[in-house]
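Here is the structure we will look at, set down as structure tokens.
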Amino acid sequence: MDGQQGALENHAERDEKRLWELRELLHKAAHAYYVLDQPIMADETYDQLYRELLDLEQRYPQWVTPDSPTQRVGGAPSQEFPSITHPTPLYSLDNAFDLADMRAWQDRWQKLWGEKLPEDLYICELKIDGLALNLFYEQGVLVWGATRGDGVTGEEITANVRTIRSIPLRLQTRQPPAQVEIRGEAFLPQPVFRQLNQERQERGEPLFANPRNAAAGTLRQLDPRVVAQRRLDFFAYGVGRGVDVTSQSETLALLAEWGFRTNPHSQVCADLAQVQRYYETWAQKRQELPYGTDGVVVKVNDLGMQTALGFTHKSPRWAIAWKFPAETGVATLLGVTVQVGRTGTLTPVAELTPVRLAGTQVSRATLHNNQRLQELDLHIGDRVVVRKAGEIIPEVVQVLRELRPAEAVAYQFPTHCPECGEPVVQVAQEAATRCINRHCPGVLREQINHWASRDALDIRGLGGKAAQKLVEMGWVKSVADLYDLTEAQLASLERWGAKSAANLIAGIDRSRQQPWTRVLYGLGVRHVGTGTAALLATHFPSATRLRDADLEELCAIPGIGSEIAQAVQTWFADAENQALLARLAQAGLHLSHDPGGNATGPLSGKILVLTGSLPNLTRSQAKALIERAGGKVGSSVTARTDYVVVGEEAGAKLEKAVALGIPLLSEAELVALVGEG
Ligand code: IVH
């Protein structure tokens, strides 16, 4: 060997050593980042090392193996996915929908089990809403990955599986089993799911009904580069066969040790009562999770017992899925009703065959607007997917086109307002279609309804039906006309007794005492909800002050953006609206704060709840501040709570507020709101 060659070989040796070092380091970094959520190096460092490895691998292709960190993406698009038979079949689970089903399941398996029951009987896991995968490792290296399919054969989607960063390409153990199958759930994180649907909406593509559909759609992408962009994730929950553990909890620990991401919320439970508590906790808290879950999987923890109990033809006797109330369901579209709102916006509403969703019966669901409707290509008679998540109003998210009956007819959005018959306009830059007839009886009815609503002037007995009648009679052409109504007039109406007439007049009369904040909200200026009205009323203690405010002044208020400011200016500059204000003032309504009494304070009629410790104010100082502004301090968060003031280490009250969608305030915002800064 001459000197030159020797130097070259030294060089190669050094490169090889460095290559393995880099692989090890990048594996560790990826595991820390994707599985443990505890990054050990900056993204830039990772990229730099990754490029260095790529460079080395280009020079020495003989060292590139399938488990190198560079081998996650880059597979060429497939024509189709080959099918593969799972070495051990993947079973599915029976479902339970309530505690009675759970008791029945427990009775069934306990009849077959004659022996003593162990202390840690069950393990509860979240049922992740995604797609089951089977991953085959040989000598610790990922060889293939497949969908569950029918449980016996699935589709081999290895190239796509490799793009999931929380799936190790090599098991982190010195002594891997010769062969092992890992089972778990691939899923799209909730923010990715939302973003994906938003992008699809912008492109006019049909939306994914739920994270599972989105995950399945993604994994069945033929181009792994597309899959890599979607940031799928994976929780491992089981092993096909071939490992030496005695319980499901040990299995989960082993999977984590091997480098998989396991769900952190699994919990061993002694009995059904504990299982029930787990179920109820997560039925509440699941909205906060960054991934979808549709139930709790309850498993007998001991593997010996599992083996003894065995399987029925399709599912294990030792496990069951206790489903959360469904959030999506399929219904038939019977028709579309178009509703006119108080700003003239036309909202199409689907009339459906009834479905049970999230614990309630649903037979109407919003279709949002004409644009959404066009994207869905809706036909009357279509089978549609309806979703009701948490507090959200039910919506139609998907049309099942394959199920469209031959006689279904395409739905045409109206070109004229269904209430007044005037032509509608499509607002530029907006998805909304609007009736711009200032005297549209439908719009007027909704304005009256809003004026009388609980958070506005709070006039009991003046709902949609009564408002409709008053408009029909021609007695009320603007909310100011309400204050000219007489008892005799109302009592003359068909089906209106003297008592209800008197009650409504009394309610209208009382509404004259409502503070400026509520009047402002009741006016129904676009984008001005209760919170914004309170903010504006604090900074501009009278309608005149607000009318005279310029854009700059409005935008200077924290929480008031240019869109709101613009809407306020437009409303107050309008001559008809100015005339309305003059008449309301004449009718005796408060168009300014009464500086003396707190009955018209910025928080008058509002209920606030305090939680956590505030940075500057003590609890009693905060309470005094709120009461000076006319507000009340409530002890617990309910649907009637107007604001929750949140400090450090806020607890359950904060969670409840978020769940109920109640606006939150910091100490600084509270101080600004009461104007005592
Ligand atoms: S155990 C034999 N655990 O639910 C045991 N399944 O119908 C079978 N799933 O196909 C599965 N999270 O896609 C199990 N923690 C979990 C799960 C889970 C989601 C899915 C899985 C399976 C389906 C059961």
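So the values come out like this:
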{"read-out": "Note, ³J(HN,Hα) from phi for the stretch 44-56, Karplus 6.51, -1.76, 1.60, rounded to Hz, x at Gly and Pro", "value": "5, 4, 4, 4, 5, 5, 4, 5, 4, 5, 4, 4, 4"}
{"read-out": "Cα-based shape type of the stretch 334-388, given that a ≥ b ≥ c are square roots of the gyration tensor eigenvalues and the cut on a/c is 1.5", "value": "oblate"}
{"read-out": "Restraint check, LYS469/LYS606; LYS285/LYS314; LYS28/LYS653; LYS465/LYS606; LYS477/LYS656; LYS477/LYS499, Cα-Cα greater than 29 Å", "value": "LYS469/LYS606; LYS285/LYS314; LYS28/LYS653; LYS477/LYS656"}
{"read-out": "Nitroxide proxy distance, nm - points 7 Å out along Cα→Cβ at LEU334 and ASP107", "value": "3.8 nm"}
{"read-out": "Cα gyration tensor shape of the stretch 222-331, rounded if a/c is under 1.5, else prolate or oblate by comparing a/b with b/c", "value": "oblate"}
{"read-out": "5 angstrom amide H check on VAL338, placed H, neighbours 5+ away", "value": "VAL349"}
{"read-out": "Within the chain, helix-based [θ] at 222 nm, where runs of 4 or more DSSP H residues each add -39,500 (n - 2.57), nearest 500", "value": "-11000 deg cm²/dmol"}
{"read-out": "Two-site label geometry, GLU13 and ARG545: point separation in nm, points 7 Å out along Cα→Cβ", "value": "8.4 nm"}
{"read-out": "Nonlocal amide H pairs with ALA358, under 5 Å, H built at 1.01 Å", "value": "ALA326, GLU327"}
{"read-out": "Residues with amide H under 5 Å from that of VAL239, placed H, sequence gap 5 or more", "value": "ARG183"}
{"read-out": "Sorted by Cβ density within 10 Å, fewest first, the residues TYR279, TYR483", "value": "TYR483, TYR279"}
{"read-out": "Rounded to whole Hz, the Karplus (6.51, -1.76, 1.60) HN-Hα couplings of the stretch 253-262, x for glycine and proline", "value": "5, 5, 4, 5, 4, 6, x, 8, 8, 10"}
{"read-out": "Taking the chain and dividing mean pair separation by its residue count, relative contact order in percent (alpha carbons under 8 Å, at least six apart)", "value": "9 percent"}
{"read-out": "Total charge dipole magnitude, the stretch 174-307, about the Cα centre, Cβ charges on Lys, Arg, Asp, Glu only, Debye to nearest 20", "value": "380 debye"}
{"read-out": "Exposure proxy ranking, count of Cβ atoms within 10 Å, fewest first, for VAL671, VAL239", "value": "VAL671, VAL239"}
{"read-out": "Global form of the stretch 140-184, assessed from the alpha-carbon gyration tensor, a/c cut-off 1.5", "value": "oblate"}
{"read-out": "Square roots of 5 times each gyration tensor eigenvalue, C-alpha, the stretch 428-585, largest first, Å", "value": "30, 18, 13"}
{"read-out": "Farthest toward positive dipole pole in the chain [+1 Lys/Arg, -1 Asp/Glu at C-beta], among ASN616, GLY6, GLY421", "value": "GLY421"}
{"read-out": "In degrees, nearest ten, helix 575-586 long axis to first principal axis of the chain (Cα)", "value": "60 degrees"}
{"read-out": "Helix 498-510 axis, angle to the chain major axis (alpha carbon atoms, nearest 10°)", "value": "80 degrees"}
{"read-out": "Signed unit charges on C-beta, dipole axis of the stretch 318-378, positive-most listed residue ASN370, LEU333, GLY359", "value": "GLY359"}
{"read-out": "Relative contact order [Cα under 8 Å, 6+ residues apart], the stretch 304-371, whole percent", "value": "24 percent"}
{"read-out": "Positive-end residue of ASN210, PHE187, PRO224, charge dipole of the stretch 140-262 with Cβ unit charges", "value": "PRO224"}
{"read-out": "Label-point gap, in nm, between THR85 and ARG438 - each point 7 angstrom along Cα→Cβ", "value": "7.9 nm"}
{"read-out": "Principal-axis tilt of helix 441-451 within the chain, Cα atoms, nearest 10 degrees", "value": "90 degrees"}
{"read-out": "Calculated FRET efficiency for the pair GLN195/GLN426, C-beta based, R₀ 35 Å, to 0.05", "value": "0.85"}
{"read-out": "Gyration tensor over alpha-carbon atoms, the chain, equivalent ellipsoid semi-axes in Å", "value": "58, 30, 28"}
{"read-out": "Residue exposure sequence - GLU288, GLU375 - by fewest surrounding Cβ within 10 Å", "value": "GLU288, GLU375"}
{"read-out": "Loop-located GluC sites (Glu not before Pro) in the stretch 101-159, at most 13 other Cβ atoms within 10 Å (DSSP)", "value": "GLU115, GLU119"}
{"read-out": "Dipole magnitude of the chain about its Cα centre (Cβ charges: Lys, Arg +1; Asp, Glu -1), debye to nearest 20", "value": "1900 debye"}
{"read-out": "Size of the stretch 501-634 as Cα extents on the principal axes (Å, biggest first)", "value": "47, 45, 24"}
{"read-out": "Sequence-separation-based contact order of the stretch 427-518, relative, with Cα cut under 8 Å and 6+ spacing, percent", "value": "27 percent"}
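FYI, it's all coordinate maths here, none of it is from the lab. Just so it is clear, the model here is predicted, and its values are computed rather than measured. Note that each Cβ is placed from the backbone with ideal geometry, even for glycine, and that neighbours are counted across all protein chains shown.
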